[in-house]
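The values are calculated or read from the model by the stated rules, or taken from the named source; none is laboratory data. Bear in mind the structure is a predicted one, so any value in this text is a computation, not a measurement. Reconstructed Cβ throughout: ideal geometry from the backbone, glycine too, with neighbour counts over all protein chains shown.
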Amino acid sequence: MDPSQVKIPALADLTIDNITENVIRINSLNPDPRMKYILERLVEHLHDFARETRLSTSEWMAGIQFLTKTGQICTDVRQEFILLSDIFGLSLLVDSIDHPKPAHSTEGTVLGPFHTHEAEHMSNGDLMSKDDKGEPLLVVCNVKDVQGKPISGVTIDIWETDSSGHYDVQHADRDGPDGRCVMTSDDEGVFWFKAIVPVPYPIPHDGPVGQLLKKLGRHPMRPAHMHFMFEKSGFDHLITALYLKNDPYENSDAVFGVKNSLIVELGKVDKKTAEKYGVDEGIALMTYDFVLVTEKESFNLRAENSKKALEKLGRRVKIVEGLPVPDVD
């Protein structure tokens, strides 16, 4: 960037009281109204945080060092920053804002730090987990729209831990993906597969996030669950999970992912079901009806929710490409 081509407004004599407005004024040179708005709110909240807490230099440096360590531990298969976002409840909050769900549709939840893009595509009836120590599980689900019409051709990304509570990428000696797959709903919107019963497990707590949890007096445990991610053109992207009822960590999930509508009670495969799906009678059974919303439904609901929420804060906004920006007209 050529400094001579940038016209920076003259700064005032900077003080605790006027530093915020000066930073916002300079950042407002940015021509993107949405980015301008985000940076304005970010700077104001950050500065207010420092003023309200009377943040010390040593505390500021401790925060910088914590974030540095968080970045340093990140790898292609471990995203410590997503984990940090998860334990602050930010991941769930952002998903709920960006993917609002009307009544009678499936709610979203956190992605988590262990999704990968290497899962094998499987057909109905395939075995997702090679873990012979896990308790066998038959999963039978369907995908519908809010009118109850089956949706075919939905891509469903599915993943879970093994019986020890570890994802495949947490094993140094792994020879490929396991406990994960990609499926496609059939003409009736159905998909079904064989897996193992999910178990509770701790999020990785050997890094900065784990150290923070310890300081906060919090445990790192997640209740037993299985992840699902749905994608089809014309429908809103859905990241969700199913949680097992009466899990000991159902009400204290370390990443705030549990929602009542996503809690399921496992059944048992009866003789008729065993014959239909070619599994042993008496094994565990998970069933669920997933309901997707269209991109248009989600877009309109997100815009409506944004306007209502910001009006409550006394802010006049307009919606541009589905996102709020200040209305200066």
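Against the test of being more than 24 Å from the chain's Cα centre (by Cα) and under 30 Å from ALA284 (Cα atoms), the options LYS36, LYS101, LYS130 yield a single qualifying residue, LYS130. Note on the range 288-305: among residues that are touching a strand residue (DSSP E or B) at 6+ places or on another chain (Cβ under 6 Å) and touching a residue at least 60 places away in the same chain (Cβ under 8 Å), the one that is surrounded by the most Cβ atoms within 10 Å (Cβ to Cβ) is LEU292. When restricted to residues that are hydroxyl-bearing (Ser, Thr, Tyr) and modelled with pLDDT of 95 or more, the range 26-80 contains 6.
For the range 1-47, enumerate the residues that are among the charged types (D, E, K, R) and closer than 23 Å to LEU323 by Cβ. If the condition is that a residue be among the charged types (D, E, K, R) and closer than 23 Å to LEU323 by Cβ, then ARG25, ASP32, ARG34, LYS36, GLU40, ARG41, GLU44 are the ones that fit. The set of residues in the range 253-275 that are assigned to a loop (DSSP other than H, G, I, E, B) and within 17 Å of the chain's Cα centre (by Cα) comprises ASP253, ALA254, VAL255, PHE256, GLY257, VAL258, LYS259.
Residue count for the range 291-329, restricted to those that are closer than 23 Å to SER233 by Cα and of a type outside the set (A, V, I, L, M, F, W, C): 10.
Out of the residues in the range 224-238 meeting the condition of being among the hydrophobic types (A, V, I, L, M, F, W, C) and touching a His at 6+ places or on another chain (Cβ under 8 Å), tell me which one is nearest to PHE299 (Cα to Cα). This residue is LEU238. Pairing each residue of the range 238-251 that is farther than 18 Å from SER96 by Cβ with any residue that is among the β-branched types (Val, Ile, Thr), provided the two are 6+ apart or on different chains, yields C-beta distances under 8 Å for LEU244/VAL197; LEU244/ILE263; LEU244/VAL264; LYS245/ILE263; LYS245/VAL264; GLU250/VAL258; GLU250/ILE263; ASN251/VAL258. Restricting attention to the range 98-123 and to residues that are of a type outside the set (D, E, K, R) and touching a Ser or Thr at 6+ places or on another chain (Cβ under 8 Å), the residue that is surrounded by the fewest Cβ atoms within 10 Å (Cβ to Cβ) turns out to be HIS121. The helices (runs of 4 or more DSSP H) found wholly in the range 1-101 and carrying at least 3 residues that are among the basic types (Lys, Arg) occupy 33-53. May I ask you to verify whether LYS307 is in a helix (DSSP H, G or I) and at pLDDT 95 or above? Criteria not met by LYS307. Selection within the range 276-293: residues that are over 20 Å from SER185 (Cβ atoms) and not β-branched (Val, Ile, Thr). The member of this set that is nearest to the chain's Cα centre (by Cα) is ALA284. Against the list (1) acidic (Asp, Glu); (2) more than 21 Å from THR116 (Cβ to Cβ); (3) free of Cβ contacts under 8 Å to residues at least 24 places away in the same chain, the condition ASP280 fails is (3). For the range 133-192, a residue qualifies if it is in a strand (DSSP E or B), more than 28 Å from GLY282 (Cβ to Cβ) and within 23 Å of the chain's Cα centre (by Cα), and the qualifying residues are LYS144, ASP145, THR155, ASP157, VAL182, THR184.
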